[in-house]
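One structure is given below, encoded as structure tokens.
Please treat every number below as a calculation from the coordinates, not as lab data. What you see is a predicted model; the values in this text were computed from it and never measured. FYI the Cβ positions are ideal-geometry reconstructions off the backbone, even for glycines, and counts take in every protein chain you see.
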Amino acid sequence: MTGDRSINLGEAIREGLLQVSQKDNSIIHFAEGVDDPLSVFGTLKGFGEKIGHQRMIEMPVAENALTGVAIGAALSGKRPIISFQRVEFAMLALEQIANNAAKFSYVSNGQHNVPLVMRLIIGRGWGQGPEHSQSLECMFAQFPGLKVVMPSLPEDAKGMIIAAVTDNNPVLFIEHRWNHYAVGNVPKEYYSKDIAGPKKIRTGDAVTLVATSYMTLECLRVADALSSVGVSIDLFDLRVLRPLNLKPIVQSVKKTGKLLTVDTGYKKYGIGSEIVSSIVEIGFNFLKLAPIRMGLPDHPTPSSSSLIKNYYIDSIKILERLNTLVDLDRSVLEKVKIRIANERKDIPIDVPDPFFKGPF
Amino acid sequence: MATIMKLEYEKSIELYACMQRIRLVEEEISKRYVEQEMRCPVHLSIGQEAAAAGVCLALENRDKVFSTHRSHAHYLSKGGNLKKMLAEIYGKVTGCIGGRGGSMHIMDLDVNMVASIPIVGSCIPLAVGSALADSLDGQDNVSIAYLGDASVEEGVFYESANFAKLRDLPVLFVCENNLYSVYTHLHERQPDRPITSVAEAHGIPTFHCDGNNVEEVYRLAVNAIENARLKRGPSFLLLDTYRWLEHCGPNFDNHIGYRTEAEFRIWKNRDPVLLYQNNLLKRGIITEEDKVELKNKIQKEITVAFEFAKSSPYPEHSTARNHVYA
């Protein structure tokens, strides 16, 4: 039965993790503070009582070895899930991720598989600064053998975390902390969503907009504001960075002739770079205008709320770049801007925008 | 310390035969390497046979071995298939992993040689993870992490040792100290303290012996493995040994200047295979005829295995994309 209730993305992930953990005893959880009072932003709260404390493995502050331990356990029939409270800590485990998790199936000629999930939390805000607010998904997306998933909306998040856990490959599941607050209708029952590719969340023909993670929410605001003045766009939530499925995006660009990408990482060598170059290769003739990439500027994230004033991309900035592709009438553009500004009010840039709670 | 025990006659012969097989295989690889048909780096185990045989012959098939770039001896000691190993080094489809890893990635689940990883220290946490899975499932299998002296310079060793002891996991860290990391002596890399002290600092029991004395290695291994099986936690075994050939490749390299001929000769006089052979001859456990017969038998196996490897087909290049994902 489909439950008719709204929960946020963090709760959706918790529900998915709990349901799948109750179904399969081979699932074990690792985290620094796996069973502590906060339990990874609440996403593992109460798991010890429900599935047994012996399946909640407290992880010494030793990210590389414990990732290796999880891989070794995965080779021996377990389905480990490691939750990293900040993606930056996973860089200490890059050797195990890139050399072992990503390569075992390949190097062993298919004898081994590594059914491992690594939850990597990214985010921003409250002055967290250079080493607590990075989006490093591109680095992981480089490695064949890994799957890299970034859900934006609650219903996807639950279905995709279940899919990640039941997948026989190492899956990096990247959660933006601010997306945790996004609310949406989420079925109560156990269900799995294929790790298949982008999802079109708004339909139109003016432009193709491709977004990831928190930027999907900013883009949704733009799409809905534009729709209020009769301009409709194709908006994709990319969702899966690897394996990258660009077919629906190519189809869309064939229709719109215009492409804008917006993601949470650096613009340079970023997701947008991969999408734009692939689309140019595959569909150069479909393009009416040069595609545009939006991403973070080429410097680390500063802490001070003053220094980040122009650092992050928001709906207004997206609208302005998008307008260079769709060329709205000046008065119409102003109208859309005012609508967005009214929604945004004067919320500071370093806390989550309550508008993005949805429901979506 | 190890319990004093008299090795069974059969076990003695098994240890000797295993070491002799490793020696002769590695010598043949060394001899044929110049043909340039084995087109991958090889890190040969000549001089280190006792550390492999002494530990692996104390294991059962269900016990799991995780090895390094220098894995041939470990695989053969674990009961590995010589044909599959050579075919792997030759890059053939009949190799233990179909030519995907070459000499540095020898693995074969038939004998629970779970992985060989050529990045220093990288296999250590995998062995600990395998031990964690067995521990959670109540299995009494033992996992072996082979490591070299340089591995204890890696952070991942400390992280792994800490976790293994924290949970008293059934894992045995086997450190083959051959004194050199490529061309750099231990003294230039580590302070003057026993290597065992780094394991002891984690509360892990340590055992140390002449790694070229196969019976000593075997006795210590039996003891440590029994402890692990009885859920008494991990142990650390330090085995002093020496790599006769260059770090990577088929040649002697004493002339290039990082170590002396005199040092090499000291270790050559402690040849683990020859020492044990003489020991068994002296004790009358084998005769001169047995020795010759064994050697001939192994040589025959080697000849057949090389023929198999060389005559096996290469994998189709169109299969290079297979198995990226399970």
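Summary of values
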item: Euclidean distance between Cα centres, the range A:298-324 to the range A:111-127, Å; result: 25
item: Sequence-separation-based contact order of chain A, relative, with Cα cut under 8 Å and 6+ spacing, percent; result: 17
item: Electrostatic dipole magnitude of the range A:6-185 [Cβ: Lys, Arg +1; Asp, Glu -1; Cα centre; debye, to 20]; result: 300
item: Overall form of the protein assembly as shown per C-alpha gyration tensor (a/c, 1.5; a/b vs b/c); result: prolate
item: Assigned charges on the beta-carbon of Lys, Arg, Asp, Glu; the range A:199-357 dipole about Cα centre (debye); result: 280
item: Dipole of the protein assembly as shown, positive direction: furthest Cα of A:VAL336, B:HIS187, A:ILE7, with charges on the beta-carbon; result: A:VAL336
item: The range B:2-59 and the range A:23-63: distance between their alpha carbon centers, rounded to Å; result: 43
item: Length-normalised contact order for the range A:199-357 - Cα pairs under 8 Å, 6+ apart - percent; result: 24
item: Binned Cα-Cα distances of the range B:1-62, short to long, each 5 Å bin given as a whole percent; result: 3, 16, 20, 20, 15, 11, 8, 4, 3, 1
item: Debye intensity ratio in log₁₀ form over the Cα atoms of chain B, taken at each q of 0.07, 0.08, 0.09, 0.16 Å⁻¹; result: -0.27, -0.35, -0.45, -1.45
item: Per-residue average of Cβ from other chains inside 10 Å of A:256-264; result: 0
item: Chain A: angle of helix A:315-326 to the longest principal axis, Cα-based, in degrees nearest 10; result: 60
item: Column: log10 I(q)/I(0), Debye, Cα scatterers of the range A:6-185, q = 0.11, 0.14 Å⁻¹; result: -0.42, -0.69
item: For B:134-141, mean number of other protein chain Cβ atoms within 10 Å; result: 3
item: Surface/4 of the Cα convex hull for the range B:217-326, nm²; result: 13.7
item: Charged-residue dipole, Cβ positions (Lys, Arg, Asp, Glu), the range A:298-360 about Cα centre, Debye nearest 20; result: 160
item: Among beta bridges that DSSP assigns inside chain A, antiparallel share in %, nearest 5; result: 20
item: Of the DSSP H helices in chain B, those whose Cα atoms cover at least 18 Å axially and whose Kyte score averages -1.0 or more; result: B:9-32, B:124-137, B:214-229, B:288-311
item: Cβ-defined net charge surrounding B:ASP168, 10 Å radius [Lys, Arg +1; Asp, Glu -1]; result: +4
item: Protection-proxy order for peptides B:267-274, B:178-185, A:235-242, each taking the mean of Cβ atoms within 10 Å per residue, highest first; result: A:235-242, B:267-274, B:178-185
item: Overall dimensions of the range A:199-357 by Cα: Rg and Dmax, Å; result: 15.3, 45
item: Area projected by the alpha carbon convex hull of the range B:32-190, averaged over all directions, nm²; result: 9.5
item: Value of [θ]222 nm, deg cm²/dmol, for chain B, DSSP H segments ≥ 4, -39500 (n - 2.57) each, nearest 500; result: -13000 deg cm²/dmol
item: Average silhouette area of chain A, convex hull of alpha-carbon atoms, in square nanometres; result: 18.1
item: Shielding by other protein chains, A:58-67, mean Cβ within 10 Å; result: 6
item: Alpha-carbon centroids, the range B:117-183 and the range B:251-326: separation in whole Å; result: 25
item: Relative contact order for chain B, counting Cα pairs under 8 Å that sit 6 or more residues apart, in percent; result: 23
item: Per-peptide average of other Cβ atoms within 10 Å, ordering B:67-75, A:5-13, A:190-198, A:248-256 highest first; result: B:67-75, A:5-13, A:248-256, A:190-198
item: Per-peptide average of other Cβ atoms within 10 Å, ordering B:129-142, B:302-315 highest first; result: B:129-142, B:302-315
item: Folded to 0 to 90 degrees: helix A:9-23 orientation relative to chain A principal axis, Cα; result: 30
item: Dipole-positive endmost among A:ILE282, A:SER39, A:ASN100 within chain A (Cβ charges, Cα centre); result: A:ILE282
item: Listed residues B:VAL34, B:GLY249, B:ILE124: farthest to the positive end of the dipole of chain B (Cβ charges); result: B:VAL34
item: Computed [θ] at 222 nm, helices only, for chain A once each DSSP H run of length n ≥ 4 contributes -39500 (n - 2.57); result: -10000 deg cm²/dmol
item: DSSP-defined beta bridges in the range A:199-357 - what % are antiparallel, rounded to 5; result: 20
item: In degrees, nearest ten, helix A:247-256 long axis to first principal axis of chain A (Cα); result: 10
